[in-house]
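Here the structure is laid out as structure tokens; the discussion comes afterwards.
The values are calculated or read from the model by the stated rules, or taken from the named source; none is laboratory data. Source: prediction; values computed, not measured. Cβ placement follows ideal geometry from the backbone for every residue including glycine, while neighbour counts extend to all protein chains displayed. Protein only, heavy atoms only, side chains kept; ligands, DNA and RNA dropped before computing areas. Shrake-Rupley method; radii C 1.70, N 1.55, O 1.52, S 1.80 Å.
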Amino acid sequence: MISRELATQLKPYLDWTPANGDQFFIPKPEIADSVFLVSDMVVELVVREGDSRFHFNGTVEWALDSVESADVVWLPRENQLRELLGNYFLSLDASPGGFVVTVSGPGRAHHTEPAQDAADAYAHALLYVYNHEAATAR
């Protein structure tokens, strides 16, 4: 999963339309450690006397009723980050220091610094692309 720091850096660049399976966090100190999953249905695993069952719940009894989507930070998955790179994406490679993404650049390719997680490497590449596009638009 992409780090919260990189997701926060990407937030101003991304036009997110939440969909089932997407994950996000709420950047408030009292709840920032929780990751939420967008889902049409809540499924709870209940284990009793060694038997496990899935309970399908229509609602969750919790103090948080709702939150504006603009007030959360999307945690895009690896495949979503790769898709956002579009034609800039050239390759994802494993190196001794982690994963490296190569994207096309002005007249040359750009390689990200190695990241422990492939999603973080994609996020670094996407930040490079967005920053490069902003610089060339000036």
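Highest mean packing comes first when the peptides 119-128, 76-85, 17-26 are listed by Cβ atoms within 10 Å, giving 119-128, 76-85, 17-26.
Here is how the number arises for the chain: DSSP H runs of 4 or more residues each give -39500 (n - 2.57), the sum is divided by the residue count, and the result at 222 nm is -8000 deg cm²/dmol. Shown here: the chain, whose C-alpha atoms stretch 62, 35, 26 Å along the first, second and third principal axes, sorted largest to smallest.
Quick one: with all protein chains in place, what share of the accessible area of the chain is carbon or sulfur, to the nearest percent (1.4 Å probe)?
It is 50 percent, rounded to a whole number.
An ellipsoid equivalent to segment 94-134, defined through the eigenvalues of its Cα gyration tensor, has semi-axes of 19, 11, 5 Å when rounded to whole angstrom and sorted largest first.
Probing with 1.4 Å while keeping every protein chain in the model, the per residue accessible area of segment 84-123 equals 54 Å².
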